[in-house]
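What follows is a set of notes on a single structure, which appears directly below.
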Amino acid sequence: MPILPLLLVQPAQDITQTVVTAPRAGRTATAPGISEQVITAEELAATGERSLPRAIAKASGLFVQETNLGGGAPIVRGLIGNQILIVVDGVRLNDGTTRSGPNQSLNGIDPTNVERVEIIRGPNAVLYGSDALGGAILIWTRKRAPLSRDKEGTRAVQLEAGVDANTAAEGAREYGSLSVATEDVGVLVGGSFQDWQMLHSGKGEVQNTGYHGQSWYASSELQLAEKRSIRVSAMRTRDFDVPRSDRMNTGYGQTQPADAENYFTLQDRARYIVAYNDSALGFADQMQARLSLRDYTENRRIKKNVSAPPPPPAPLVLESDNTQTVGLGMDWRKAVGQSHLLTWGLDVDRDVVESTRTTDSVRDPAGAFAPGSEYLSSGVFLRDEMFDVGPFDLTAGLRYSYFDFSFDDTNTPDQTIDGHFDAFTGSLQAATDVAEGVRVTATLAQAFRAPNLAELARKATFNSGTELSNPDLDPEHSLYEELALDMRREAWNWSLGLYHNGIQDVIGRRLVNDPTPGGSIGDETYQRENTGDVDLYGIETRYQRKLGGPDSPYTFGTYLEYTYGVQYDDDIAAFDGQPASRIPPFHGNVTLGWEPAQAVNNVGWLQLSMWFATSQNRLSPQDLGDPRIDKNGTNGWVRFDLDLGGPVGEAQSGATWHFGAHNLFGEEYRVHGSGIDGPGFGVVAGLRMTL
């Protein structure tokens with residue numbers, strides 16, 4: 001029996017270590033290096049970036065779109081928004097109200113509360129169900145382990161405080177935490193404050209960008225027995241007065257901004273999770289059960305711009321949406337003999353949405369979401385890892401998912417609109433060693449995304465016009481193929497992936513009414529519809545080398561990605577065979593690093609990095625109507641960053657510092673699809689003390 005399966009079939013060891021995760025999150029023996037990536041808290045902090053989306057982008061190479069300073073939506077293998085699944089401590093962050101396209105979900109997680117991030121590129125519908133068409137981002141938050149499981153020998157009481165400042169955003173984040181541990185109990189409490197005044201791009205000040213916020217978190221772990229534990233965690237983030245910069249600043253093709261006011265006056269996200277871990281079951285080697293309660297409130301203040309003559313008074317619209325979600329998730333893992341590792345589980349989540357809208361102090365009968373909006377998502381799955389099947393290791397999975405929705409019919413009193421969706425999805429992955437240190441992996445996977453309440457029951461603003469919901473939508477389905485190569489040597493490693501993702505019945509928008517064709521008055525009406533199919537083709541590669549040998553402190557690395565997308569439409573010939581929407585251009589980075597075994601003059605590491613994107617002139621018809629995107633295409637750009645850091649005083653002092661000079665040459669650039677330009681030259685600095 002090979003060594004790798006021997007390690008995998010001993011999951012009971014997980015419970016005795018600091019890291020405890022959901023069994024379904026364990027990496028399989030067939031996972032290619034290019035498709036799965038782990039980023040530690042230290043790596044996130046070393047980026048010097050002010051938000052979690054930007055830190056993930058810099059640490060991983062992912063393309064991240066920013067509609068405003070308070071957002072940040074990752075684009076994974078050509079897809080964005082609710083086609084990417086975000087999971088926090090094994091619990092879905094996506095819910096029935098998650099918007100398509102760019103959103104601020106990832107920015108609602110405090111980066112100082114993150115222990116590590118796992119990026120899964122490519123569909124993962126078998127394990128996580130709907131929304132993981134392009135991939136999944138798994139986020140694991142900080143905790144304090146009981147002393148019986150603490151392998152690092154840290155103090156029973158530990159205090160941490162720090163500050164990170166960023167001149168390009170005229171602001172800072174202050175944070176702190178306190179942890180206490182006994183033999184069987186570990187408790188961590190902490191929080192942070194952030195205040196960003198204004199973005200400075202390569203062109204100068206960018207108006208309508210600043211906001212402020214706060215975060216609080218707590219975690220308590222109780223060791224019930226040698227192989228049993230329970231964790232209770234609570235997290236709350238609140239951001240205030242976040243401007244929709246793209247709607248308050250003049251965009252491409254506009255003579256004036258779409259709105260005089262457009263603020264997320266409050267984004268309040270609370271998450272409570274109870275997780276029970278057990279590795280002493282007779283029928284399974286490891287089990288985790290998670291009970292969660294999530295509450296998200298979003299308040300918006302909107303006042304449109306009006307055109308003259310004559311300028312009628314624009315109404316002031318106040319909107320509020322509240323989504324409460326109760327969820328249950330359970331995972332089991334069991335080694336069967338020496339050649340099978342089974343993982344199975346279930347998920348059930350129920351969303352209840354309340355929505356209000358007030359126009360010039362007059363409350364409307366319905367808010368953005370129809371009254372009585374409810375959404376149920378559920379599923380069961382089974383995954384089997386099979387070792388030494390001839391020359392191959394295999395991973396096969398199957399999932400059944402069921403969704404149900406209902407809301408009040410605003411046009412017919414006492415009537416309810418309801419419906420349901422269900423889907424089977426499967427995946428198969430095969431890996432084999434073709435030579436020493438050379439591994440080839442092939443993946444075939446199905447994925448899907450069920451329409452959610454943001455599409456079924458929401459009436460909203462889009463491109464200054466109105467977007468109508470559609471309760472008769474069909475789910476999106478995809479078939480994904482990938483061929484990956486991994487090569488590992490003592491001083492270097494290289495990963496390469498080629499993929500195709502064919503998505504059917506993509507949910508989009510169609511213009512159904514335009515009272516002033518060719519004008520920019522913003523009175524258009526759009527309808528949510530299944531608009532056709534999309535094919536995405538891509539290549540990704542990552543290379544890392546120790547310069548001068550395996551023990552050298554000098555490293556070289558590069559990450560490159562290119563995606564080509566085409567959309568097809570049987571109903572509108574002008575859309576058929578056109579470029580897919582929001583596809584990133586060819587982009588990547590090159591890094592040179594230095595990290596000696598011991599700090600030199602309090603400098604423990606240094607990295608010079610170059611980030612680039614070529615121009616993107618392949619625009620879809622939807623892109624041409626988006627004021628965030630230049631109708632002539634997005635220009636290419638190159639940015640250079642210098643980051644360094646190390647201990648303060650002796651390495652054992654418990655204090656560290658970092659410093660960065662970002663966008664060294666003040667490049668004027670915009671990440672394709674973003675509503676604001678990228679930061680210009682800026683200095684970042686941080687200090688963290690642990691006592």
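In the range 122-135 there is no residue that is over 13 Å from the mean Cα position of the chain (by Cα), over 25 Å from residue 497 (Cα atoms) and part of a helix (DSSP H, G or I). Criterion applied to 269, 294 was being touching a Phe, Trp or Tyr at 6+ places or on another chain (Cβ under 6 Å), farther than 19 Å from residue 343 by Cα and buried (at least 16 other Cβ atoms within 10 Å of the Cβ), and the one residue passing it is 269. Exactly one residue among 674, 609 is in a loop (DSSP other than H, G, I, E, B), surrounded by 16 or more Cβ atoms within 10 Å (Cβ to Cβ) and among the polar types (S, T, N, Q), and that residue is 674. For the range 281-296, the count of residues that are modelled with pLDDT of 90 or more, assigned to a strand (DSSP E or B) and basic (Lys, Arg) is nonzero. Going through (1) of a type in the set (S, T, N, Q); (2) surrounded by fewer than 19 Cβ atoms within 10 Å (Cβ to Cβ); (3) touching a Lys or Arg at 6+ places or on another chain (Cβ under 6 Å) one by one, residue 469 falls short only on (2).
Of everything listed in (1) surrounded by fewer than 17 Cβ atoms within 10 Å (Cβ to Cβ); (2) within 25 Å of residue 644 (Cβ to Cβ), the single unmet condition for residue 576 is (2). The single condition among (1) surrounded by 19 or more Cβ atoms within 10 Å (Cβ to Cβ); (2) under 21 Å from residue 196 (Cα atoms); (3) at pLDDT 95 or above that residue 661 does not satisfy is (1). With the condition kept exactly as written, say whether any residue in the range 336-349 is under 22 Å from the mean Cα position of the chain (by Cα), in contact (Cβ under 8 Å) with a residue 24 or more places away in the chain and crowded, with 21+ Cβ neighbours inside 10 Å. Yes: the range 336-349 contains one or more residues that are under 22 Å from the mean Cα position of the chain (by Cα), in contact (Cβ under 8 Å) with a residue 24 or more places away in the chain and crowded, with 21+ Cβ neighbours inside 10 Å. Of all residues in the range 472-492, at least one satisfies being basic (Lys, Arg), touching a residue at least 24 places away in the same chain (Cβ under 8 Å) and in a strand (DSSP E or B).
The values are calculated or read from the model by the stated rules, or taken from the named source; none is laboratory data. Everything numeric here is computed off the predicted structure, so don't read it as measured data. Ideal geometry is used to build each Cβ from the backbone, glycine not excepted, and the neighbour counts take in all protein chains shown.
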